[in-house]
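Undergrad: Here it is, the structure in full.
The values are calculated or read from the model by the stated rules, or taken from the named source; none is laboratory data. Just so you know, these numbers come straight off a predicted model, no measurement behind them. Counting neighbours? That spans all protein chains shown, and the Cβs are built from the backbone with ideal geometry, glycine included. What goes into the accessible areas is simple: the full protein's heavy atoms, side chains included, and nothing from ligands, DNA or RNA. Shrake-Rupley method; radii C 1.70, N 1.55, O 1.52, S 1.80 Å.
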Amino acid sequence: MPRFFLEAAQFRGSQAVITGGDARHIARVLRMGIGDGLTLCDGAGMDYAGVIRQVEKDRLLVEIVDKHPSMSEPQLRVTLFQGLPKASKMDTVIEKCTELGVSQVVPVQTERAVVRLEDEKARAAKVARWRKIAEAAAKQSGRGMVPVVSDVCRVSDMLPLFSELDAVVVPYENEQETHLAEALSRMESPGSIGVVIGPEGGLAREEVDAMLERGAVSVSLGARILRTETAGAAVLAALMYAFGEM
Ligand code: SAH
């Protein structure tokens, strides 16, 4: 059944109004009409079963007949803390991780990041762009929610957020003992996990130490060094697999 993301204002009690491009797409491309069913998503994890009741030019009226939590959302909530990468790599990270089911992406200005988003306007523009990418990827992949993309923060702002998560893993190239698989096997069906990925220059030893002090576990991802834009997606895939979401 076709799925459409709607803004909160489009839901009006037991009805929803679809206008613009979506309305044209439904009526003209999908050739749907009165009596046909579709799924509406509020982008916050709830799906609504709707039936088209009225078709006007560029405007559809849909009756909501049922609602249930989106079935495409993973039970595991993953927050990706991503060290700011170069150029447009963050676009890739957000797109791929959205497909893989990330709940939140927190861009982090780490010590060895090449990129410095000091200018507030430039930073706001970047974050707005990343949010659009998250939204588009969520729609494309049939997610029930659009992952939250937070404002860029510093490591010191990130650390207190660990206490809200059941576990935090920090992939670190210098970690020789604990592999990701081992760290995950010690966890008992966590509801939420944080993953901290360093930028191109990696994480500084002191940064990792500060994270370990806050209860994070440093892990190896194996003998090969992954690029920063590969690492987050790789860990996310491993988490979804390990906890039965794949
Ligand atoms: N510091 C490295 C590259 C960093 S890779 C260098 O300068 O050559 C970017 C990030 O990906 C790292 O900070 C780490 O979080 C993660 N990463 C990549 N490969 C990894 C591996 N084999 N084990 C653990 N973490 C890895």
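Undergrad: Which residues, counting only those in the stretch 169-223, are among the small types (Gly, Ala, Ser) and within 13 Å of the ligand (Cβ to nearest atom)?
TA: Ala181, Ala183, Gly194, Gly198, Gly201, Gly202, Ala204, Ala216, Ser218, Ser220, Gly222, Ala223, listed by residue number.
Undergrad: Please enumerate the residues belonging to the stretch 91-122 that are at pLDDT below 95 and open to solvent by 70 Å² or more (accessible area, probe 1.4 Å).
TA: Glu111, Arg112, Val114, Arg116, Glu118, Asp119, Glu120, Lys121
Undergrad: Residue by residue through the stretch 224-246, note down the ones that are more than 16 Å from Ala113 (Cβ to Cβ), within 10 Å of the ligand (Cβ to nearest atom) and of a type in the set (Gly, Ala, Ser).
TA: If the condition is that a residue be more than 16 Å from Ala113 (Cβ to Cβ), within 10 Å of the ligand (Cβ to nearest atom) and of a type in the set (Gly, Ala, Ser), then Ala234 is the only one that fits.
Undergrad: I'd like the residue in the stretch 210-225 that is in contact (Cβ under 8 Å) with a residue 40 or more places away in the chain and open to solvent by 100 Å² or more (accessible area, probe 1.4 Å) and, out of all such residues, is farthest from Ile197 (Cα to Cα). Outline the logic, then answer.
TA: To start, the set of residues in the stretch 210-225 that are in contact (Cβ under 8 Å) with a residue 40 or more places away in the chain comprises 210-212, 214-222, 225.
Checking the rest, the ones that are also open to solvent by 100 Å² or more (accessible area, probe 1.4 Å) come to 214, 225.
On the way: Arg214: 16, Ile225: 12 Å.
Here the residue is Arg214.
Undergrad: Next up: For the stretch 25-39, what are the residues that are more than 14 Å from Asp66 (Cβ to Cβ) and surrounded by 16 or more Cβ atoms within 10 Å (Cβ to Cβ)?
TA: Ile26, Ala27, Met32, Asp36, listed by residue number.
Undergrad: Take Gly21 and tell me if it is free of Cβ contacts under 8 Å to residues at least 24 places away in the same chain, part of a loop (DSSP other than H, G, I, E, B) and either more than 18 Å from the chain's Cα centre (by Cα) or within 30 Å of Arg227 (Cβ to Cβ) (or both).
TA: In short, no.
Undergrad: If a residue has to be under 29 Å from the mean Cα position of the chain (by Cα), at pLDDT 95 or above and either open to solvent by 20 Å² or more (accessible area, probe 1.4 Å) or among the β-branched types (Val, Ile, Thr) (or both) to count, how many in the stretch 40-58 make the cut?
TA: Total satisfying the criteria: 2.
Undergrad: Within 30 Å of Ser185 (Cα to Cα), part of a loop (DSSP other than H, G, I, E, B) and not assigned by TED's automatic domain parsing to the domain that holds Tyr48, is that true of Val108?
TA: No; evaluated as a whole, the condition is false for this residue.
Undergrad: Which one of these is under 27 Å from Ala125 (Cα atoms) and open to solvent by less than 10 Å² (accessible area, probe 1.4 Å): Met158, Met240, Met145?
TA: Answer to the check: Met158.
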